[in-house]
Amino acid sequence: MSEIYVSTDVETNGPIPGEYSMLSFGSVAYDEVGKEIAYFYRTLLPLENAKEHPDTMKWWKSKPEAWKEVNTNKYMPEVAMSEYYEWLRLLPGKPIFVGYPASFDFMFIYWYLMKFVGESPFGFQALDMKTYAWSILGGQFKNSVKANFPKEWFSIAHMHTHNALDDAREQGDMFFRMKSWNK
């Protein structure tokens, strides 16, 4: 079975799922050579009884356009995650979660899938681009940040906007540039 790389970004109102809510998420699916084959995007209603983290909300105040976007066309989390689960299942291969940092984005996606669907097509695994960059570039792990990445890994076609779909696409493009650079 071929692998489908699912570059995913989430926007939240706090640092952990359950206590705080995922506000939106976007995923872009790529085949093994980096051709975009599908995408998925949803904005979500907050979890019942969840809080808003003060530091995160302070950050959101500095991003009014992005804040407006995560508050548009909101879905019930159970509906969005069921639709996402079906979207993942219909991809033409094994979905591989790709994130930067995967530890944050995967934590929310996995928690929401388990809470609202009961299983995750990703299993327990995620490909972390920060770790991948570190394995290519070497040095100390703490230095594997975008500011230290080679300029060839960035695309002017996809900018970081804090719209989860835009950022998933930017990240997916970067992932395949990293893979090419590494050959």
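The values are calculated or read from the model by the stated rules, or taken from the named source; none is laboratory data. Not measured: the values here are computed from a predicted model. Cβ placement follows ideal geometry from the backbone for every residue including glycine, while neighbour counts extend to all protein chains displayed.
In the range 23-71, the qualifying residues are those that are in contact with a helix residue (DSSP H, G or I) (Cβ under 9 Å, 6 or more places away or on another chain) and of a type in the set (Ser, Thr, Tyr), and the one that is surrounded by the most Cβ atoms within 10 Å (Cβ to Cβ) is Ser27.
Which one of these is surrounded by 15 or more Cβ atoms within 10 Å (Cβ to Cβ) and within 15 Å of Phe175 (Cα to Cα): Ala102, Ala80, Ala157?
That would be Ala102, the only listed residue that is surrounded by 15 or more Cβ atoms within 10 Å (Cβ to Cβ) and within 15 Å of Phe175 (Cα to Cα).
This table checks each residue for (1) at pLDDT below 95; (2) farther than 19 Å from Tyr39 by Cα; (3) in contact with a Lys or Arg (Cβ under 7 Å, 6 or more places away or on another chain).
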| residue | (1), (2), (3) |
| --- | --- |
| Leu91 | no, no, no |
| Phe97 | no, no, no |
| Tyr100 | no, no, yes |
| Pro121 | no, no, yes |
| Asp128 | no, yes, no |
| Asp166 | no, no, no |
| Trp181 | yes, yes, no |
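Being in contact (Cβ under 8 Å) with a residue 60 or more places away in the chain, under 30 Å from Glu19 (Cα atoms) and among the hydroxyl-bearing types (Ser, Thr, Tyr) is a condition met by no residue of the range 131-153. Put simply, of Ser155, Ser120 the only residue that is under 28 Å from Leu44 (Cα atoms) and assigned to a loop (DSSP other than H, G, I, E, B) is Ser120. Against the condition in contact with a Lys or Arg (Cβ under 9 Å, 6 or more places away or on another chain), of a type in the set (Gly, Ala, Ser), over 18 Å from Asp128 (Cα atoms) and not in a loop (DSSP other than H, G, I, E, B), how does Ser24 come out, does it pass? So Ser24 passes the test.
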